[in-house]
1. Output the number of residues of region 45-59 satisfying the condition of being open to solvent by 70 Å² or more (accessible area, probe 1.4 Å), of a type outside the set (D, E, K, R) and under 30 Å from Lys125 (Cα atoms).
2. Which one of these does Gln98 not meet: (1) open to solvent by less than 70 Å² (accessible area, probe 1.4 Å); (2) polar (S, T, N, Q); (3) modelled with pLDDT under 90?
3. Just checking, which of Lys83, Lys110 is open to solvent by less than 60 Å² (accessible area, probe 1.4 Å) and closer than 24 Å to Glu54 by Cβ?
4. Is there a residue being at pLDDT below 90, surrounded by 13 or more Cβ atoms within 10 Å (Cβ to Cβ) and assigned to a loop (DSSP other than H, G, I, E, B) anywhere in region 60-76?
5. So the check is Cβ under 6 Å with 6+ separation or different chains; which pairs have a first residue in region 25-37 that's within 15 Å of Ala64 (Cβ to Cβ) and a second one that's modelled with pLDDT under 90 and surrounded by fewer than 12 Cβ atoms within 10 Å (Cβ to Cβ)?
6. Cβ-Cβ below 6 Å, separation at least six or inter-chain, first residue in region 119-131 and surrounded by 10 or more Cβ atoms within 10 Å (Cβ to Cβ), second not acidic (Asp, Glu): which pairs?
7. If you take the residues of region 67-108 that are of a type in the set (S, T, N, Q) and within 35 Å of the chain's Cα centre (by Cα), which of them is farthest from Pro42 (Cα to Cα)?
Amino acid sequence: MATKIRLQRHGKKGKPFYYIVVADARAPRDGRFIERVGSYNPNTNPATIDINFEKTLEWVNNGAQPTDTCRAILSYKGVLYKKHLQGGVKKGALTEEQAETKFAEWLDQKDSKITGKKSNLNAAKDEARKLALIAEAKKKEDKAAAIAAKNAPVAEEVEEEVVSEAPAEEEAADDTETKAESAE
């Protein structure tokens, strides 16, 4: 029986979520499978991959053939590199300790790359928030200035009316004073 390590699609339309399964090559994509060895969520950034490393390595060593996408996932998680190092140990090119140290160094480099990417994404997100906040504050100030400008001409007209009414009142007061003086 030819076995394949492949993705089994789940999730709703536009939001895929995959199980990584070991299945008979003749079984349908979302059909019957032998064992579920992990999951893959491409909706997150970076993509979330949970895998049972030992079980997957065991299936790969027993001859299960990964599909192209699963091969990329297994390579990303280090399953294929571990198989490669075990092949070197069997041939006598490496000792078990050397293989383990190489794999540990590779894992450290991979983890640092992933954490670096996550920190860059978080920094970019924070920067975008700051820029959006600054833009919003500027927009608010512009809107406040526009409202003040709209209300300002009305206030000036009222002041002009008050100023123009005041001389008329003074003239009227002067007229009454002159009439009072003339009546005496």
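The values are calculated or read from the model by the stated rules, or taken from the named source; none is laboratory data. Everything numeric in this text was worked out from a predicted model, so none of it was measured. Every residue, glycine as well, gets a Cβ built from its backbone with ideal geometry; the counts of neighbours run over all protein chains shown. Keep in mind that these areas ignore ligands, DNA and RNA; they rest on the heavy atoms of the full protein, side chains included. Shrake-Rupley method; radii C 1.70, N 1.55, O 1.52, S 1.80 Å.
1. Going residue by residue through region 45-59, those that are open to solvent by 70 Å² or more (accessible area, probe 1.4 Å) are 45, 50, 52, 54-55, 58.
This time we only want the ones that are of a type outside the set (D, E, K, R), so: 45, 52.
Filter again for under 30 Å from Lys125 (Cα atoms), leaving 45.
Summing the residues that are open to solvent by 70 Å² or more (accessible area, probe 1.4 Å), of a type outside the set (D, E, K, R) and under 30 Å from Lys125 (Cα atoms) in region 45-59 gives 1.
2. Answer for Gln98: the failing condition is (1).
3. Details: Lys83 fails: open to solvent by less than 60 Å² (accessible area, probe 1.4 Å).
Being open to solvent by less than 60 Å² (accessible area, probe 1.4 Å) and closer than 24 Å to Glu54 by Cβ holds for just one of Lys83, Lys110, which is Lys110.
4. No.
5. The qualifying pairs are Ala25/Ala2.
6. none
7. So the first thing to find is which residues in region 67-108 are of a type in the set (S, T, N, Q), and the list is 67, 69, 75, 86, 95, 98, 101.
After this cut, where a residue has to be within 35 Å of the chain's Cα centre (by Cα) as well, the list is 67, 69, 75, 101.
Numbers: Thr67: 17, Thr69: 12, Ser75: 16, Thr101: 31 Å.
In this case the residue turns out to be Thr101.
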